[in-house]
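Written below as structure tokens is the structure these notes are about.
The values are calculated or read from the model by the stated rules, or taken from the named source; none is laboratory data. Values in this document were obtained by computation on a predicted structure and should not be read as measured data. Here Cβ is always computed from backbone atoms with ideal geometry, including for glycine, and neighbour counts include all displayed protein chains. Ligands, DNA and RNA are excluded from the accessible area calculation, which covers all protein heavy atoms including side chains. Shrake-Rupley method; radii C 1.70, N 1.55, O 1.52, S 1.80 Å.
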Amino acid sequence: MFIFNNKNIASPLDGKCIPLSDVKDEVFANEMMGPGYAIIPTCEEVVSPVNGKVSVIAPTKHCIVIVGDDGIEVMIHFGLDSFKTEGKGFAYCVEVNDTVKKNQPICKLDLSYFNEENIDMTSPIIILNHDKFKIEDSSFVNCDIKKGDILFKYK
């Protein structure tokens with residue numbers, strides 16, 4: 001008997017999904033912050049990967065953490081050195097403590113600006129509390145992915 005598992009993380013971006021081991025940053029490549037995948041974005045609109053609440057937006061706006069309704073902590077880290085722009089190139093439409101729905105727009109990235117600044121916008125999507133939640137499946141690794149597609153399932 002097949003039991004449907006609706007515990008999934010939706011892709012927050014259109015782009016190419018790659019394994020963390022391919023990310024050109026040791027912290028992410030070695031999963032020091034936790035497991036996940038990365039997306040090389042081809043669009044500027046970012047959507048929420050889960051239903052939940054915004055718990056953190058970095059002062060330099062380069063990352064956001066959303067705590068899902070079931071407690072999973074998902075971090076989207078926009079780019080590898082994007083913190084150097086000190087918030088330029090990011091336009092958030094949510095704030096800390098806002099409730100968000102899966103696929104709801106949360107931010108816009110100015111990819112032209114980051115390209116001009118020579119910032120690698122490869123964006124890791126990480127499970128921070130991986131002691132409680134484990135990745136179960138991902139079918140989009142090394143493939144193109146669209147916002148809202150299932151990036152991975154977890155248990």
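Of the residues contained in region 82-100, none is found to be within 16 Å of residue 151 (Cα to Cα), touching a Cys at 6+ places or on another chain (Cβ under 7 Å) and open to solvent by less than 40 Å² (accessible area, probe 1.4 Å). Does any residue of region 17-32 turn out to be touching a strand residue (DSSP E or B) at 6+ places or on another chain (Cβ under 7 Å), assigned to a strand (DSSP E or B) and open to solvent by less than 20 Å² (accessible area, probe 1.4 Å)? Yes, there is a match, as at least one residue in region 17-32 is touching a strand residue (DSSP E or B) at 6+ places or on another chain (Cβ under 7 Å), assigned to a strand (DSSP E or B) and open to solvent by less than 20 Å² (accessible area, probe 1.4 Å).
Of all residues in region 135-151, those that are over 17 Å from residue 29 (Cβ atoms) and either surrounded by 13 or more Cβ atoms within 10 Å (Cβ to Cβ) or touching a residue at least 40 places away in the same chain (Cβ under 8 Å) (or both) total 11. Quick one: would you say residue 37 is open to solvent by 30 Å² or more (accessible area, probe 1.4 Å), of a type in the set (Ser, Thr, Tyr) and assigned to a helix (DSSP H, G or I)? No; evaluated as a whole, the condition is false for this residue. Cβ-Cβ contacts under 7 Å between residues 6 or more apart (or on different chains), taken from a first residue in region 50-69 that is at positive phi and of a type in the set (Lys, Arg) to a second residue that is modelled with pLDDT of 95 or more and not in a loop (DSSP other than H, G, I, E, B), are listed as 61/90; 61/92. Beta carbons closer than 9 Å, at least 6 apart along the sequence or on distinct chains, pair a first residue in region 92-103 that is touching a residue at least 24 places away in the same chain (Cβ under 8 Å) with a second that is part of a loop (DSSP other than H, G, I, E, B) and among the aliphatic types (A, V, I, L, M) for 100/50; 100/94; 101/50; 102/50.
Between 72, 64, 57, 40, which is under 18 Å from residue 121 (Cα atoms), among the β-branched types (Val, Ile, Thr) and in contact with a Gly (Cβ under 9 Å, 6 or more places away or on another chain)? Show your work before the answer.
Details: 72 fails: under 18 Å from residue 121 (Cα atoms); 64 fails: in contact with a Gly (Cβ under 9 Å, 6 or more places away or on another chain); 57 fails: in contact with a Gly (Cβ under 9 Å, 6 or more places away or on another chain).
Of 72, 64, 57, 40, the one residue that is under 18 Å from residue 121 (Cα atoms), among the β-branched types (Val, Ile, Thr) and in contact with a Gly (Cβ under 9 Å, 6 or more places away or on another chain) is 40.
In region 118-131, the residue that is farthest from residue 39 (Cα to Cα) out of those that are modelled with pLDDT of 95 or more and surrounded by fewer than 16 Cβ atoms within 10 Å (Cβ to Cβ) is 129.
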